[in-house]
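Taken together, the values in this text are just the output of simple stated rules run on the coordinates, not laboratory data. Note that the coordinates shown come from a computational prediction; the quantities given were computed from them, not determined experimentally. Note that we place each Cβ from the backbone using ideal geometry, even for glycine, and neighbour counts take in every protein chain shown.
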């Protein structure tokens, strides 16, 4: 047994050494292992699977390439191995395997494409959890289903659950809003983590909002390109934060004042009509947003509000969005990137070929 283990490890070491000096996607030793996935002998197939899984990252590109070249038996095994590397690999290997599955899912291959789409949809909760953890680590902010969304669900679907903990029994919380804040460290490449929300049930049922704050280092156009992947994506652009909610139609009537925001500290009240911003007229909420885009946190501005029959001018110190209560659910505790027993899809609908 020990000698067999040593022989196997020696063989893997030789493969790894050969891989390091060649293109992994065309490495003969790895391709031989992949060809054995279609062997008539079960033990040969099983050993090939073990060897490829132990190779980790070096096996990902060859598996993805051969999945679209080989017969359905090998394609199925190759995609299954990519899924195992995605679920069980260390985070760098897992991310590479997930990207390989995405590439296959985007393909029109009759076997590999459908199987990759099913693998991604079947692991949607794990993808979402890892995406949220990565977005936070890179300096973003994630909000989950808000009480107003929960109340709407109660009214529309007859669900009955507590608005205090905002949970439907047996159903995970829904990601509804991602903030790319000033100082976002992910750049355009980091937007991939937002794209990973594409198969989440919340994205498919309710959609996801992404707010790009000036100074994030990415353009709103770059964020809008995610709409090809995420159904019902809504993108906003913001500058400094005032901390109000208002209807986008008609006058800029304050419908809500967000806790810990600039407006609350300045004394702006619900029902106020904002009519001026540093001597510039405000006729709509969009006018206000446009002016705020050019401002930065800690700037002091004068805002004119109509409060009943009285016109009031208030000095306001603008704030950033990171610590402001934007009305969504607070971030839950740190999320584990490891798979969990509860990682089961609520539903896995038929996954048609994806279009980018």
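Given R₀ = 25 Å, what would the calculated FRET efficiency be for residue 39 paired with residue 88, taking r from the Cβ atoms and rounding to 0.05? The computed FRET efficiency comes out at 0.60.
Given R0 = 45 Å, the distance between the Cβ atoms of residue 302 and residue 108 translates into a calculated FRET efficiency of 0.15. In plain terms, the chain from residue 71 to residue 270 could stretch by 65.2 nm, reckoned as 0.36 nm per residue minus the Cα-Cα distance. Each label point was placed 7 Å from the Cα along the Cα-to-Cβ direction; for residue 317 and residue 32 their separation is 7.1 nm. Between residue 280 and residue 189, the distance separating the two model label sites (each 7 Å from Cα on the Cα→Cβ line) works out to 3.6 nm.
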